[in-house]
Amino acid sequence: MAKYRQPGYQDRDRESKNQEPRGEGTRKPPPERTSGPPRWDHALGPKPVNLPGTRTVSRCAQCGTVLDGTATLGTCPKCGFELHSCKQCMYFDPGSRLECMQPVKERVAKKDARNECASYEIRVTREKETSTPASLRPNDARAAFENLFKK
């Protein structure tokens, strides 16, 4: 051991490497798993999302209004934005070729105008459920604050 060298977790490996000949076949196979949960097989696809307190919604790309399931091909009820447009599509990506993740023949010039794209699917997002109960009266907060200082 060197003068100032501290013993570490790789010291045992260093000594064994000096003694063993290098070449093919020197690696040991990983140990077999005998217990524990099964490993995820990536051939089955992505893991399902199980998040408590979430909801799946579609929002208008222009104003952010939550859209109901029947408004997929019309216009936004709040701002009138065309929903069958590139900005509202789940395959819209400004960084990819022709600004679409699907193979398209030509670029659509106006991304916020209605188009007849065959691969259109409305953008759906998963959001946290953040609804809080509203107070019944506006003076409840003031009354609670004043109750802190009562004697």
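Each value in this text was obtained by applying a stated rule to the coordinates, not by laboratory testing. Just so you know, these numbers come straight off a predicted model, no measurement behind them. In this analysis, Cβ positions are derived from the backbone assuming ideal geometry, glycine residues included, and neighbour counts consider all displayed protein chains.
Inside region 92-121, residues that are part of a loop (DSSP other than H, G, I, E, B) and touching a Lys or Arg at 6+ places or on another chain (Cβ under 7 Å) make up a count of 2. Residues considered: Val108, Val104. Of these, the only one that is over 21 Å from Gln62 (Cα atoms) and surrounded by 12 or more Cβ atoms within 10 Å (Cβ to Cβ) is Val104. Of Cys117, Cys63, all but one fail to be of a type in the set (A, V, I, L, M, F, W, C) and within 24 Å of Lys128 (Cβ to Cβ); the exception is Cys63. Listed by first and then second residue, the pairs with beta-carbon distance under 6 Å, at least 6 apart or on different chains, first residue in region 101-129 and touching a residue at least 12 places away in the same chain (Cβ under 8 Å), second part of a loop (DSSP other than H, G, I, E, B) and of a type in the set (A, V, I, L, M), are Asn115/Val108; Glu121/Met90; Arg123/Met90.
Within region 122-132, the residues that satisfy the criterion of being β-branched (Val, Ile, Thr) and not in a loop (DSSP other than H, G, I, E, B) are Ile122, Thr125.
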